[in-house]
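Okay, so here's the structure we're looking at.
The values are calculated or read from the model by the stated rules, or taken from the named source; none is laboratory data. All values derive from a computational prediction rather than experimental measurement. Positions of Cβ are generated from backbone atoms using ideal geometry, with glycine treated the same way; all protein chains shown enter the neighbour counts. Accessible surface is based on the protein model in full, side chains and every heavy atom, while ligands, DNA and RNA are left aside. Shrake-Rupley method; radii C 1.70, N 1.55, O 1.52, S 1.80 Å.
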Amino acid sequence: MTTPEFLEQFSLIEKHLFSIAPVFDQKQGFFNLLKYLQSNKILSDDLIIVLRDIFQIRNKVVSSPSGLSLSSDVEEKIKKVKQDLKL
């Protein structure tokens, strides 16, 4: 998975998660959204853990000036999340 592909997939997931929490203020950020979704039992704890991992990878990708080489493990995590969210 290339960096642009990863960022595109992350964006789709992020938009979907914000759409299932319409009362959540997007200005609070993605990490706080995950806390909100977990505390309101909207998503399973297992899915939240995977989403946090993906978010950390996203932060590394964005902060890297030359991009990162993403492993097949990252692609599998993205596929799992998309499947669980029915995307």
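Observations on the structure shown:
- For region 1-47, average projected area of the Cα convex hull in nm²: 3.7 nm²
- Surface share of carbon and sulfur [accessible, 1.4 angstrom probe, percent] for the chain: 51 percent
- Based on alpha carbons, the Rg and Dmax found for region 43-87 are 11.4, 34 Å.
- Pairs of alpha carbons in the chain separated by more than 19 Å make up 35% of all such pairs.
- Extension gain, Ser44 back to Phe18 (0.36 nm per residue minus Cα-Cα distance, nm): 7.8 nm
- Dipole magnitude of the chain about its Cα centre (Cβ charges: Lys, Arg +1; Asp, Glu -1), debye to nearest 20: 220 debye
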